[in-house]
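S.K.: Take this structure, written in structure tokens, and hold onto it; I'll ask about it next.
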Amino acid sequence: MKIKVGREPHRDPHRLEIARKAIGNDTELYVDANGAFTPREAIDWARVYRHEFDVRWFEEPVTSDDVTGLRLVRTTAPGGIDVAAGEYVWAPWQAPAMLTAVDVLQLDVTRCLGITGVLVAAATAQSRHVDVSAHCAPQISAHASTALRRLRHLEYFHDHVRIESAYFDGGLQPERGGVLRPDRSRPGHGLEFKWADADAYRVA
């Protein structure tokens with residue numbers, strides 16, 4: 001389970017306490033700051049997240065444009081909490097710099113020059129022994145992720161799934177244990193656009 005943090009930091013400990021009680025101790029708790037903190041703030045919060053709430057994943061503690069800051073947080077944060085970033089990498093040649101600063105490289109197939117770009121960036125991550133997390137767009141990401149040898153997981157956002165299911169046939173449904181398995185009986189990425197359902201939103 002992942003929750004957003006950093007917008008109102010003073011409220012976050014209470015929110016994390018509620019989240020931890022809700023999911024119990026057997027489920028990993030992640031946080032995503034969307035670049036809300038300075039490196040020093042992020043380091044302080046990483047200690048709170050890890051020691052008080054057993055948080056295992058700290059996504060974009062500082063802006064992804066600040067690779068030096070990300071690297072500082074990663075090297076200074078307590079053990080057991082992974083620093084993740086990279087969802088805004090728009091081309092595979094940006095990956096090497098990011099790989100010096102994160103424990104897990106996030107890749108978004110809708111941004112990183114598509115499936116080909118993701119495969120190139122993921123190969124670079126593999127050469128550095130860094131895991132990859134597929135960022136959102138689960139229908140397309142699931143297909144691309146079958147080729148990633150160091151895949152940690154695929155981020156499953158319910159708002160993305162809601163849009164996909166509203167306007168496409170062939171969307172994947174999670175199986176037991178949260179597995180997304182591409183449907184090999186359908187061609188390509190498996191999606192078929194629902195033209196009739198989208199017609200009301202047609203722009204002339």
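Every number here is computed from the coordinates shown, using simple stated rules; none is lab data. What you see is a predicted model, and the numbers here were worked out from it, not measured in a lab. Using ideal geometry, Cβ is built from the backbone for each residue, glycine included, and neighbour counts are taken over all protein chains shown.
S.K.: Over every pair of different alpha-carbon atoms in the range 150-204, take the mean of 1/r and invert it; report that Kirkwood radius in Å.
M.R.: By the Kirkwood definition, the hydrodynamic radius is 13.1 Å.
S.K.: Count neighbours as other Cβ atoms within 10 Å of each site's Cβ, and list the GluC sites (Glu not before Pro) in the range 107-204 that are DSSP loop with at most 12 such neighbours. Walk me through the numbers before you get to the answer.
M.R.: Numbers: sites: Glu155, Glu164, Glu175, Glu192; in loops: Glu155, Glu175.
Of the GluC sites (Glu not before Pro), the ones in loops of the range 107-204 whose Cβ has at most 12 other Cβ atoms within 10 Å are Glu175.
S.K.: Semi-axes of the range 1-84's equivalent ellipsoid from the Cα gyration tensor, sqrt of 5 times each eigenvalue, largest first, rounded to whole Å? Spell out each step's value before the answer.
M.R.: Numbers: eigenvalues 83, 33, 21 Å².
Rounded to whole Å, the semi-axes are 20, 13, 10.
S.K.: Rounding to the nearest 20 debye, state how big the charge dipole of the chain is about its Cα centre with +1 on each Lys and Arg Cβ and -1 on each Asp and Glu Cβ.
M.R.: Working: 25 positive and 28 negative charges, 72 e Å.
Once rounded to the nearest 20, the dipole reads 340 debye.
S.K.: Also: Of His14, Leu72, Thr27, which is farthest towards the positive pole of the range 1-84's charge dipole, taken about the Cα centre with +1 and -1 on the beta-carbons of Lys, Arg and Asp, Glu respectively?
M.R.: It is His14, whose Cα lies furthest towards the positive end.
S.K.: Which whole-number percent is the relative contact order of the chain (Cα, under 8 Å, 6+ apart)?
M.R.: On the way: 349 pairs, mean separation 23.1, N = 204.
It comes to 11 percent, rounded to a whole number.
S.K.: While we're on this one: Looking at the P(r) of the range 14-165, how many percent of alpha-carbon pairs lie beyond 17 Å?
M.R.: On the way: 6988 of 11476 pairs.
In whole percent, the long-distance tail amounts to 61.
S.K.: For the chain, give me the percentage of DSSP beta bridges that are antiparallel, rounded to the nearest 5 percent.
M.R.: Roughly 15 percent of the beta bridges in the chain run antiparallel, per DSSP.
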